[in-house]
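First up is the structure itself, then whatever we jot down about it.
Here, each number is a calculation from the coordinates, and none is a lab measurement. As the structure is a prediction and not an experimental result, all values here were calculated from the model. So basically every Cβ, Gly included, is an ideal-geometry build from the backbone, and we count neighbours across all protein chains shown.
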Amino acid sequence: MDNLTTPKLENQICFPLYVIAKEITGLYRPFLDELEITYPQYLVMMILWENDGLSVNCIGEKLYLDSGTLTPLLKRLEAKGFIQRKRKKEDERVVEVFITESGKALQKKACEIPQKIHNKIDISKEDWIALKESIQKILSKIEK
């Protein structure tokens, strides 16, 4: 036991990543409150705005969420009228998710959010890109 060193919070990479994720998500809250959606719901909608008609499994893979977490999110979005879930005709085990007209209207409102976040966090475009690339590099190592 003499060789063990107690881990210190200041030496951990997980802690600043946890805090920054929490704080950045918090910056989104007032903008998303105006749209009456949560941050996880916003993530789902962004994926669908890029690729309408994805399967629930595909959405889960892109967001690193299991179906037990994703299904309630989708149900709430469907109850709000932003999406519609349909079973695939060729394979009824597959559920596909489609954006409704209300979901498309939401997209127009959401287009301003990224710039508002950039304005709140006043760092250069180069720093944004470098940060994202570093995070992606770490994430790809973890996924292996």
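Details
- Residue match in segment 9-24 (condition: touching a helix residue (DSSP H, G or I) at 6+ places or on another chain (Cβ under 7 Å) and under 20 Å from LEU65 (Cα atoms)): no
- Residue among ASP33, ASP66 that alone is within 20 Å of LYS116 (Cα to Cα) and over 12 Å from the mean Cα position of the chain (by Cα): ASP33
- Within segment 118-134, the set of residues being in a helix (DSSP H, G or I) and in contact (Cβ under 8 Å) with a residue 12 or more places away in the chain comprises LYS120 only.
- Just so you know, in segment 40-76 the residues that are within 13 Å of GLN107 (Cβ to Cβ) and aliphatic (A, V, I, L, M) include one that is surrounded by the most Cβ atoms within 10 Å (Cβ to Cβ), and it is VAL44.
- Selection status of ALA79, surrounded by fewer than 12 Cβ atoms within 10 Å (Cβ to Cβ), out of contact with any helix residue (DSSP H, G or I) (no Cβ under 8 Å at 6 or more places or on another chain) and over 30 Å from SER134 (Cα atoms): yes
- Test result for ARG85, exposed (fewer than 11 other Cβ atoms within 10 Å of the Cβ) and either assigned to a strand (DSSP E or B) or among the basic types (Lys, Arg) (or both): no
- Segment 94-117: number of residues that are β-branched (Val, Ile, Thr), surrounded by 15 or more Cβ atoms within 10 Å (Cβ to Cβ) and assigned to a helix (DSSP H, G or I): 1
- Just so you know, in segment 2-39 the residues that are among the charged types (D, E, K, R) and not in a helix (DSSP H, G or I) include one that is surrounded by the fewest Cβ atoms within 10 Å (Cβ to Cβ), and it is ASP2.
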